[in-house]
1. Which whole-number percent of Cα pairs in the chain have a distance greater than 32 Å?
2. Can you give me the C-alpha center-to-center distance between the range 30-98 and the range 195-209, rounded to a whole angstrom?
3. By how many nm would the segment from Arg54 to Arg35 grow when fully extended, if each residue of separation counts as 0.36 nm and the alpha-carbon distance is taken off?
4. For the range 141-228, how big is Rg over Rh, using alpha carbon atoms and the Kirkwood form of Rh?
5. Could you tell me what a quarter of the Cα convex hull surface of the range 16-67 works out to, in nm² with one decimal place?
6. Can you work out ³J(HN,Hα) from phi for every residue in the range 97-103, in order, using Karplus 6.51 cos²θ - 1.76 cosθ + 1.60 and θ = phi - 60°, giving whole Hz and x for Gly and Pro?
7. Relative contact order of the chain, please, whole-number percent, based on alpha carbon pairs below 8 angstrom and at least 6 residues apart.
8. Show which lysines lie in cross-link reach of Lys183 when reach means a straight Cα distance below 24 angstrom and same-chain residues fewer than eight apart are skipped.
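What follows is calculated from the coordinates using simple rules that are stated; it is not laboratory data. What you see is a predicted model; the values in this text were computed from it and never measured.
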Amino acid sequence: MREQLEALRAAALAELGDRASAEQIEAVRVRVLGRGGELTEVMRRMREVPAAERPAIGQLVNQVKREIESRLEALQERQRAAALARSLGEARLDVTLPGARIPRGRLHPLTLVMEQMLDIFASMGFEVAATQDVEDDFHNFEALNFPPDHPAREMQDTFFLPGGMLLRTHTSNGQIRVMQHRKPPLAVVCPGNCYRRDELSVRASPMFGQIEGFMVDRAGRVTMAHLKGVLSEFARAFYGPQTAVRFRASFFPFTEPSAELDISCLLCAGAGCRVCKQSGWTEILGSGMIHPNVLRKVGYDPAEYQGFAFGMGVERQALLKLGVDDMRLFFENDLRFLGQFPSFAARSAS
Ligand SMILES: [Zn+2]
């Protein structure tokens, strides 16, 4: 049996020369090592070997097996390397070529503007509260001191829904929702979308963003002076430290007294131009001291509590801040337009 093993080894190794093809290698593997192969056959006949010789023969079998296996492995490895070299040579990959650019997503400019506005109010201690778009008459009108026949209800041209509900025409409903459930002191901003029956045009859209804000505390603690301080700080943080502000008396049903805030025109810096109609000023928001009737509607005693509120359009601030002259651009989703506004926001202006 020893001779048989030696012959088997010699034959196999002779066939596994450096030039053996993949097919030859595989044929030797099957013939010698396969199930029913030559070596397997020898091992099966081990019991015919006299017991005294068995260990030596066994050792030889293992040695032959290892030798042939390692030779097979070396040859296969050499062939894999050759195949790799061949394919690399054919493909001629140039690793110095520039790669394919993966387009990067960006936040919508209105989102960036909204986030920066909220950041500024948060830095002054306001918390952010989201409230609902689908609202009832009480929270959108009645609690905000709009009598049933108030012309503002017509003016605002509401989208009414079945069941007496409506799409909110301003984020002021947030003021009512928050105050109803909580007690002062409160300093809250409510961002969100609002809806009015307007055609999409250069200056208007049936859906637009607003930020409502309010601060309420015991009477005497939150005054018109705080309103002016907070909103002046906002205007300078958002539009730049050189921005001039002025408060102009106005009227809203839900505030008394009421004031609109103008900033110096960003184009002419107050000198007067076509955009500001030669006035040098641009209106950015409405504000005022919360009307006692509004406080009563949410269960606050106006003798005990007092506060201010303001509301501003997000698109309006975005048009001014980004120097865009047509609101429709924000809604047309032309990536060439939207991609022009990288994260300018986040704390760059202040
Ligand atoms: Zn101007």
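1. 53
2. The two parts, judged by their Cα centres, are 78 Å apart.
3. Details: separation 19, 0.36 × 19 = 6.84 nm, distance 2.19 nm.
That pair, Arg54 and Arg35, stretches by 4.6 nm at full extension.
4. 1.02
5. Values: hull surface 15.6 nm².
The directionally averaged projection comes out at 3.9 nm².
6. These are the phi-based 3J(HN,Hα) values: 5, x, x, 6, 6, 8, x Hz.
7. Result for the chain is 16 percent.
8. Output for Lys183: Lys228, Lys297.
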